[in-house]
Amino acid sequence: MFDLKNILSYANANIQIIGIFIAIIGGLVATKLLNTKIEKDTLKEKLNKLKKEIDFNNQEKNIKEDKVFLKNKSDYIHYIHEKLFEDNFDINNYDDYGLSIEQRNKIIDEIKITFNEALNIFSIEHKKADVPNILKQNHIQESTIKYELYEYIGYKTGKNKNLVGPYGTTIPDYSDFRFENPVNSIPDEFAMQKLNENINEINSAIRWKTIEKEDIEAKIKAINDSLNIKKDVILFISITLFGIIVPQIVLSIYPIFINYKWLKYVFAIYSIMTFIISMLTMLLYIYRLYKNIKKDD
């Protein structure tokens, strides 16, 4: 049984049998690697698309929220500007106009700064009728909230004086100014309602897309963290190395057994153990693959 010729023939047969199974295992591993790569690339493509959609929706949401904020800010300025001069002014005692406490405090600070700047401009004695010219001389842009605040201070600090009319006649100066909270027209209210509805719709879309994005990220992470592919590759390489390459090298240098006859027993035991372990391992791999397929079904 341990004749050198029998050992070499047995080892050569083992290499052929293991080679057949290795070809099968290699095909399975290559297919699994390819499918995993395709799945991962598909998931990444979906993830990138979702990220772009979420970014686009966030940009649209920010634009619409800015419009709502500017409208609320304008209404709040009209509403709160005079109340700042009240004794024991407390911001919490007044309507918030849909603004956070931080936003309202910031707006009030802006109003105070604007009022101080306006008081510097109108520190000299002036008539109310001169307010538009003074604002024009100081390059204050018309049709802005800032202009209205300046105008408010100008009229409040200005004096009513009789004007000289044609032929030396006097004309009473009835110019006055009231910086009031404008009444929203129906179109404005409808537009704001539509804006808020659009923002709610965008928020819902962002939430769903975020959930889908997190699900895809979890799948990609699971693929990256999976050890099955690594184990399959290690199994394929190990059996190829110890079951085929090493025995093949030994077969190519078998004349050494003539001088060291004890080596043939070592090689015979090695060949037998390698064949048994390789076959059991590959059969176990195929069985495990079958179980995974049945589990997916």
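Cβ-Cβ distance of Ser74 and Ile101, R₀ of 22 Å, FRET efficiency by 1/(1 + (r/R0)^6): the value works out to about 0.75. Among Met282, Met192, Met273, the sequence by solvent-accessible area, most first, with a 1.4 Å probe is Met273, Met192, Met282. Each other residue within a Cβ distance under 14 Å of Gln103 adds +1 if Lys or Arg and -1 if Asp or Glu, for a net charge of -4.
Excluding same-chain neighbours fewer than eight residues apart, the aspartates and glutamates reachable from Lys291 by a Cα-Cα span under 16 Å are Asp232. A crude spin-label estimate for the pair Thr31 and Tyr270, with each label 7 Å from Cα along the Cβ direction, gives 3.4 nm.
In this structure, Phe89 and Glu189 have a Cβ-Cβ separation that, at R0 = 41 Å, corresponds to a calculated FRET efficiency of about 0.90.
Once the C-beta distance of Ile237 and Tyr287 is scaled by a Förster radius of 22 Å, the resulting FRET efficiency is 0.60 to the nearest 0.05.
Figure note: Ile24, Ile286 ranked by solvent-accessible area, largest first, 1.4 Å probe, ligands and nucleic acids not counted: Ile24, Ile286.
The values are calculated or read from the model by the stated rules, or taken from the named source; none is laboratory data. None of the values given here were measured: they were computed from a predicted structure. With ideal geometry, Cβ positions are generated from the backbone for all residues, glycine too; neighbour counts draw on all protein chains shown. Note: accessible area is taken over every heavy atom of the protein model, side chains too, but ligands, DNA and RNA are not part of it. Shrake-Rupley method; radii C 1.70, N 1.55, O 1.52, S 1.80 Å.
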